[in-house]
Amino acid sequence: MTDNQVLALQPDHIAELQQRYQRALANHGYSALLISAGATPVRYGDDQGAPFQGFGPFLHWTGLTGYEHAWLLIQADTTPVLWLYQPVDFWHATLQLPSEPWQQAMDIRYTANRALPPLPAETGQGEGLAVLGDPALLAGVPGDHNPVALTVALDETRMHKTDYEVACLTRANNIALAGHQAAAAAFADGDSEFKINLAYQQATLQRETEAPYHSIIGLNEHAGTLHYQYYDTTAPAQSRSLLMDAGVRYRGYCSDITRTYAAAGEGRFAALVKGMDLLREHLCNMVAPGVEYLAIHRKAHSGVAALLSASGLVSDISDEAMVEQGITRVFFPHGIGHFLGIQVHDVAGKPEPSPAEAPFLRLTRTLEAGMVLTIEPGLYFIPSLLEPLLKGPLAQYINTAILGELKGCGGVRLEDNVLVTETGARNLSRLTEN
């Protein structure tokens, strides 16, 4: 789908949001909603701030990730009003809004001041007005700030993606996949983590500050740190493995893809990656309306147990006992995934707490058509988790020789982004791969 085809879907998306938001406002006793885009806070004792990407509800409507100090006013049966901050500035370039179809669905105004523009008379005193945004930016703004019940209801409007949102998420996946393929080639050439990151950026044409999250690029044992945050500028003497978790933001929407590669000669680790890929495919095929996400997480642990047994890492204990006694949690300590959308870990995933068996699970819902989520099974060799296991009674089941061979590869994670359809699922992360 081309950019123009994606843009053609956005007016219908805005019309749908009008209906969803107005129902939520009416249900909670409000007649208007004011949304702040946010702004980057200046670091303490400095004149620099962090990269800015915008507040979720504002991006849900506009997709404008770079506009600080902007405001969006939503009222029943009224065209939304969008104020964009456009100062006269010789220090920085001023963002110019390209002409796009969605702008016909909004009353767009410009202001040269950071302060909140004058509100319409019916909302200017704050009666019936809810306001969403960073509390640090809402001082002096009339209305109820971040009302909890309304915020929860508006979060839930993001669970079921419109056609426009699915198109944006698909594009974000396709661009990221090109980056992952370039990164895999750099790994095969023996490049450092830093150069692998440069290859990814060059292929995606996305600056690091524009990415939805800091790319995780771990060679060898670094792959055993789940959110490894550094890039070595020097390649290791022998590159044995690469785990890369990286995405792209397109019109505000995020992809979140992980791939793991084994170097030539790493037959045992390559077999583990292959087994994990089969498990990933099986778990993705489980996605469908009416399926409990927790059931997919539990199936992932059963699959990890089977991999541990098949690889010879764990023996003389059944797969079921491995799960029950917590061995699989040592090797697979995180949840199977999360909602995906405007945020990488998108909102509304946990109407109830995670169960004790899966404390890090970010999604506890029964799946419904229109939801987009990640499926990301993993198997890692993490020293801080392995040490207690190897000192306890369960150590008798661990093959330390095989573990010693594999520890230097860090671990495996494979992650896809999956849309729940009316009849099953569509894997957005496999659409353009060979």
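Output the number of the condition that TYR21 fails; it satisfies all remaining conditions of (1) of a type in the set (Phe, Trp, Tyr); (2) within 17 Å of THR157 (Cβ to Cβ); (3) part of a loop (DSSP other than H, G, I, E, B).
Tallying (1) of a type in the set (Phe, Trp, Tyr); (2) within 17 Å of THR157 (Cβ to Cβ); (3) part of a loop (DSSP other than H, G, I, E, B), TYR21 fails exactly one: (3).
Are there any pairs with C-beta distances below 8 angstrom linking a residue in the range 110-129 that is assigned to a helix (DSSP H, G or I) to a residue that is surrounded by fewer than 11 Cβ atoms within 10 Å (Cβ to Cβ) and not acidic (Asp, Glu), with the two at least 6 apart or on different chains, and if so which?
GLY124/PRO118
Answer yes if at least one residue in the range 316-331 is under 30 Å from ARG249 (Cα atoms) and of a type in the set (Phe, Trp, Tyr), and no otherwise.
Within the range 316-331, none of the residues are under 30 Å from ARG249 (Cα atoms) and of a type in the set (Phe, Trp, Tyr).
For VAL88, only one of the following conditions fails: (1) touching a residue at least 60 places away in the same chain (Cβ under 8 Å); (2) more than 28 Å from the chain's Cα centre (by Cα); (3) on the phi < 0 side of the Ramachandran plot. What is its number?
Here VAL88 meets the rest and fails (1).
Could you count how many residues in the range 50-63 are over 15 Å from the mean Cα position of the chain (by Cα), aromatic (Phe, Trp, Tyr) and at pLDDT 95 or above?
Here the count works out to 2.
When only residues in the range 179-197 that are open to solvent by 40 Å² or more (accessible area, probe 1.4 Å) and part of a helix (DSSP H, G or I) count, which is nearest to ASP416 (Cα to Cα)?
So the residue we want is GLN181.
So how many residues does the range 315-373 have that are free of Cβ contacts under 8 Å to residues at least 60 places away in the same chain, of a type in the set (Ser, Thr, Tyr), under 23 Å from ALA395 (Cα atoms) and open to solvent by 20 Å² or more (accessible area, probe 1.4 Å)?
So the answer is 1.
Exactly one condition in (1) closer than 29 Å to GLU193 by Cα; (2) within 23 Å of the chain's Cα centre (by Cα) is not met by PHE269; state its number.
So PHE269 meets the others, but not (2).
Could you grab me the full set of residues in the range 218-234 that are without any contact (Cβ under 8 Å) to a residue 40 or more places away in the chain and over 17 Å from GLY408 (Cβ atoms)?
Those that are without any contact (Cβ under 8 Å) to a residue 40 or more places away in the chain and over 17 Å from GLY408 (Cβ atoms): HIS227, GLN229, TYR230, TYR231.
Hey, can you tell me all the residues within the range 166-196 that are in contact (Cβ under 8 Å) with a residue 24 or more places away in the chain, out of contact with any helix residue (DSSP H, G or I) (no Cβ under 8 Å at 6 or more places or on another chain) and not aliphatic (A, V, I, L, M)?
THR170, ASN173, ASN174, GLY190, SER192, PHE194
Give the range 99-109 a look and list any residue that's open to solvent by less than 70 Å² (accessible area, probe 1.4 Å) and not β-branched (Val, Ile, Thr), or say none.
Of everything in the range 99-109, those that are open to solvent by less than 70 Å² (accessible area, probe 1.4 Å) and not β-branched (Val, Ile, Thr) turn out to be GLU100, PRO101, TRP102, GLN103, ALA105, MET106, ASP107.
For the range 70-83, which residues satisfy the criterion of being touching a strand residue (DSSP E or B) at 6+ places or on another chain (Cβ under 9 Å), assigned to a loop (DSSP other than H, G, I, E, B) and either closer than 13 Å to LEU132 by Cα or open to solvent by 40 Å² or more (accessible area, probe 1.4 Å) (or both)?
Answer for the range 70-83, where residues must be touching a strand residue (DSSP E or B) at 6+ places or on another chain (Cβ under 9 Å), assigned to a loop (DSSP other than H, G, I, E, B) and either closer than 13 Å to LEU132 by Cα or open to solvent by 40 Å² or more (accessible area, probe 1.4 Å) (or both): ALA70, ALA76, THR78, THR79.
Given the structure, is GLY252 touching a strand residue (DSSP E or B) at 6+ places or on another chain (Cβ under 9 Å), within 23 Å of HIS60 (Cβ to Cβ) and not β-branched (Val, Ile, Thr)?
no
Based on what the data block shows, is GLY66 surrounded by fewer than 18 Cβ atoms within 10 Å (Cβ to Cβ), of a type in the set (Gly, Ala, Ser), under 23 Å from LEU169 (Cβ atoms) and within 23 Å of the chain's Cα centre (by Cα)?
yes
Run down ALA149, ALA153, ALA167, ALA130 and say which single residue is on the phi < 0 side of the Ramachandran plot, hydrophobic (A, V, I, L, M, F, W, C) and open to solvent by 50 Å² or more (accessible area, probe 1.4 Å).
ALA149
Search the range 395-419 for residues that are more than 17 Å from PRO377 (Cα to Cα) and open to solvent by less than 50 Å² (accessible area, probe 1.4 Å) and pair each with any residue that is acidic (Asp, Glu) and part of a helix (DSSP H, G or I) when their beta-carbon atoms are under 8 Å apart and the residues are at least 6 apart or on different chains.
Qualifying pairs under 8 Å: GLY408/GLU221.
Check off (1) open to solvent by 20 Å² or more (accessible area, probe 1.4 Å); (2) farther than 18 Å from ALA401 by Cα; (3) hydroxyl-bearing (Ser, Thr, Tyr) for SER309 and give me the number that stays unchecked.
(2)
Based on what the data block shows, is THR225 open to solvent by 60 Å² or more (accessible area, probe 1.4 Å) and either within 30 Å of GLU422 (Cβ to Cβ) or under 21 Å from the mean Cα position of the chain (by Cα) (or both)?
yes
Would you please list the contacts, defined by Cβ atoms under 8 Å and residues six or more apart or on different chains, that run from a residue in the range 251-270 that is closer than 30 Å to ALA237 by Cα and among the acidic types (Asp, Glu) to a residue that is open to solvent by less than 10 Å² (accessible area, probe 1.4 Å) and outside any strand (DSSP E or B)?
If the second residue must be open to solvent by less than 10 Å² (accessible area, probe 1.4 Å) and outside any strand (DSSP E or B), the pairs left are ASP256/GLY247; ASP256/LEU340; GLU266/CYS409.
Out of ALA139, ALA237, report the one residue that is within 30 Å of LEU119 (Cβ to Cβ), free of Cβ contacts under 8 Å to residues at least 40 places away in the same chain and in a loop (DSSP other than H, G, I, E, B).
ALA139
The values are calculated or read from the model by the stated rules, or taken from the named source; none is laboratory data. Being a predicted model, the structure only gives us computed values, none of them experimental. Please note: Cβ atoms are built from the backbone with ideal geometry, for glycine as well, and neighbour counts cover all protein chains shown. These accessible areas exclude ligands, DNA and RNA; they are computed on the full protein's heavy atoms, side chains included. Shrake-Rupley method; radii C 1.70, N 1.55, O 1.52, S 1.80 Å.
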